[in-house]
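Here is the structure we will look at.
The values are calculated or read from the model by the stated rules, or taken from the named source; none is laboratory data. Every value quoted in this text rests on a predicted model; they were computed, and no experiment measured them. As a convention, Cβ positions derive from the backbone with ideal geometry for all residues, glycine included, and neighbour counts pool all protein chains shown.
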């Protein structure tokens, strides 16, 4: 995992938390992220598995992050996966409520201030394999890209591009502090 600057990590971390969507969603599908009444972030999950008939079953559900942590030299998202499994014939196979830990990669962006569109976040969560009472479920890699567009009337895009550009060149950001800041954002969202 590469870390670029403290400010970029703060910006990327806050955006990762507030926009954490799409776990293994096909590229053509738009990620759905909603803030529940209790303040938790919920991300849509889609994937496939090989069912007992040898066909391709479907997994749909949600991922709710509960905290961010550092494991070794890697930032991870810890949360709960709520999934419904349907076999290749369309019959429900079961449900799963599993605590999962997913690696988070936050590569840095280029000099965003000089661009009309700047990369704010490129979030890659690794694949997830579950064994649910003999049923193997594999969710593919998750990729979330957030791009800010600057220009007239694009208040948030202008702000994020300006911050990303102004804060280039800082010190490498310690993962433990990044995890702590992301956990503070989660706590604020839970109000």
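Only one of these is surrounded by fewer than 17 Cβ atoms within 10 Å (Cβ to Cβ), more than 18 Å from residue 121 (Cβ to Cβ) and modelled with pLDDT of 90 or more: 83, 37, 91, 29. Name it. I'd like the intermediate steps shown before the answer.
Details: 83 fails: surrounded by fewer than 17 Cβ atoms within 10 Å (Cβ to Cβ); 37 fails: modelled with pLDDT of 90 or more; 29 fails: modelled with pLDDT of 90 or more.
Sole residue among the options that is surrounded by fewer than 17 Cβ atoms within 10 Å (Cβ to Cβ), more than 18 Å from residue 121 (Cβ to Cβ) and modelled with pLDDT of 90 or more: 91.
Please work out if residue 104 is assigned to a strand (DSSP E or B), at pLDDT below 80 and on the phi < 0 side of the Ramachandran plot. Full working, then the answer.
Working: assigned to a strand (DSSP E or B): yes; at pLDDT below 80: yes; on the phi < 0 side of the Ramachandran plot: yes.
Yes.
State yes or no: is residue 77 at pLDDT below 90, surrounded by 16 or more Cβ atoms within 10 Å (Cβ to Cβ), assigned to a strand (DSSP E or B) and in contact with a strand residue (DSSP E or B) (Cβ under 6 Å, 6 or more places away or on another chain)?
Yes: the conditions hold for residue 77.
Answer yes or no: is there a residue in segment 82-94 that is touching a residue at least 24 places away in the same chain (Cβ under 8 Å), in contact with a strand residue (DSSP E or B) (Cβ under 8 Å, 6 or more places away or on another chain), under 16 Å from residue 135 (Cα atoms) and in a loop (DSSP other than H, G, I, E, B).
Yes; the residues of segment 82-94 include at least one that is touching a residue at least 24 places away in the same chain (Cβ under 8 Å), in contact with a strand residue (DSSP E or B) (Cβ under 8 Å, 6 or more places away or on another chain), under 16 Å from residue 135 (Cα atoms) and in a loop (DSSP other than H, G, I, E, B).
Looking at segment 141-160, I want the residues that are under 30 Å from residue 130 (Cα atoms) and have a partner that is modelled with pLDDT of 85 or more and surrounded by fewer than 15 Cβ atoms within 10 Å (Cβ to Cβ) with Cβ atoms under 8 Å, at least 6 apart or on another chain. Which pairs are those?
Note: pairs meeting the criteria are 141/127.
Say we look at segment 171-191 and pick out the residues that are part of a loop (DSSP other than H, G, I, E, B) and loosely packed, with under 14 Cβ neighbours inside 10 Å; which of these is modelled with the lowest pLDDT? Show your work before the answer.
Residues of segment 171-191 part of a loop (DSSP other than H, G, I, E, B): 171-174, 190-191.
This time we only want the ones that are loosely packed, with under 14 Cβ neighbours inside 10 Å, so: 171-172, 174, 190-191.
Numbers: 171: 46, 172: 56, 174: 71, 190: 68, 191: 49.
That would be 171.
Go through segment 132-170 and report how many residues are within 25 Å of residue 98 (Cα to Cα) and at pLDDT below 80. Explain how you work it out, then say what you get.
Residues of segment 132-170 that are within 25 Å of residue 98 (Cα to Cα), as a first pass: 132-144.
Right, trim to at pLDDT below 80 and you get none.
Summing the residues that are within 25 Å of residue 98 (Cα to Cα) and at pLDDT below 80 in segment 132-170 gives 0.
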